[in-house]
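Before any comments, here is the structure.
Read the figures in this text as sums done on the coordinates, not as results from a lab. Small disclaimer: the values here were computed from a predicted structure and weren't measured. Here the Cβ positions follow ideal geometry from the backbone for every residue, glycine too, while neighbour counts run over all protein chains shown.
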Amino acid sequence: MEKNLSPEEKIFQPSKIEKIVQKLLVVLKLFLGILLLPFVYSSTKVFLEQLFNIESKNAFFSGIAFFLLIYLFIWEPAVIYKKGQRFVQIIFGFFSPLIKVAPYLLPIYTIFSFLLYFLFLLIFKNQQLLESFMFLFGLTISFHLVFSAKSLKSKPSDYLKANYIFGFSFVWLVNIIILSFGFNLIFKEYSFVDFFNQTFKFGLEIYKAVFKQLFL
């Protein structure tokens, strides 16, 4: 039995063409998300390879482990994440297209941590400062990625999980690029140029391997 709609509801009901366009956009997002996956893998691989050349890497991984321990067994600091999102929205309030996207893309607490590190570096110059901030970098980046993933995944209208696959793949790439740029400024062992070139090169190799398996 067809539901009786008010005149106002009928006005805002999407037409058949709009529904088709929406479904096509979903398929396009899913396709783009799948295309990003090789670069998600390659960027992670190259990032870890360079990170393992840094002496302070253990502090970074300790920060990740500490956050996951807190998140899984003690407390989900969702309110802190939302405050960070709100702050990013205020920053990009002048440019409306970024208001919805930027809070997911930009790890605001990690960016603040880098800024604080360079500020503190003007006053304190010792290894303990670096170890402490590497711990903070690991904690804040894992915090941002976990809650961004949770926010994207919880959207009920995400047909075929296209928004999640595309959105989180893009978030992951942007966050690793930001980390790599920051580490490039701190460590002589870390090269942002090498990270970018190797990520692109290895990602293309994955595409070529998949293409050969499917069509040759």
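Annotations
- Contour minus Cα-Cα distance for Leu119 and Glu55 (0.36 nm per residue): 20.9 nm
- Structure-derived Cα extents along the principal axes in Å: which label, when the choices are [x] 48, 41, 29; [y] 72, 51, 38; [z] 60, 37, 31: [y]
- Value at 222 nm in deg cm²/dmol, rounded to 500, when DSSP H runs of n ≥ 4 in the chain each add -39,500 (n - 2.57): -26500 deg cm²/dmol
- The order of the peptides 105-111, 82-88 by mean Cβ neighbours within 10 Å, most packed first, is 105-111, 82-88.
- Cα-centred dipole magnitude for the range 17-203, charges only on beta-carbon of K, R (+1) and D, E (-1), debye, nearest 20: 620
- Computed extension length for Tyr41-Phe202: 57.1 nm, one decimal, from 0.36 nm per residue of separation with the Cα-Cα distance subtracted.
- Inter-centroid distance (Cα atoms) of the range 172-198 relative to the range 54-82, Å: 21
- Those lysines that a straight Cα-Cα span of less than 30 Å connects to Lys150, excepting residues fewer than 8 apart in one chain: Lys19, Lys23, Lys29, Lys45, Lys57, Lys82, Lys83, Lys100, Lys161
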